[in-house]
1. Can you figure out the FRET efficiency of residue 46 with residue 19, using R₀ = 41 Å and their beta-carbon distance, to the nearest 0.05?
2. Take the Cβ-Cβ distance between residue 29 and residue 73 as r, set R0 to 25 Å, and report the resulting FRET efficiency rounded to the nearest 0.05.
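Nothing in this text is a laboratory measurement; each read-out follows from the coordinates by a stated rule. Remember, predicted model here, so these are calculated numbers, not experimental data. Virtual Cβ from ideal backbone geometry, glycine too; neighbours counted across all protein chains shown.
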Amino acid sequence: MSTAHKKASLLQKVSKGLTVGSVITGSTFLHGPPVLALGFTKLFKKSKKVDETNIQLANSWIGVNNHLIEKVLPNLKWDMGIGSSTALFGESGG
C-alpha cells in the first residue's frame, strides 16, 4: 500500500469519525435539553402527555444514534473490557 493511499485512508477515517461525532454531539444538544426540561417538569406535574412527549424525544435521540452506528459505522469493531488487574465491586485487589 502506497503512502498516498494510507494518507487518504486515514483522512477518510478521520473525516468519518469527525462527521459522526459531530452529528451525535448535535443530536445530544438538540434532544438533551428538552428531555431534561420535561424530566424536571415531571417532578412538579404528573402528566401523561409529558411522559409521552419525553418518551418520543428519547426514542428519536436513540434512533439517530442507532442509525449512525448501524449505517455509517457498520464495520467498526467494538472492543471493550475490564483489565485483568482491575478489581470489581466487592473483590479484593490481591
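1. Details: r = 41 Å, r/R0 = 1.00.
Here the calculated transfer efficiency is 0.50.
2. Working: r = 20 Å, r/R0 = 0.81.
That gives a FRET efficiency of 0.80.
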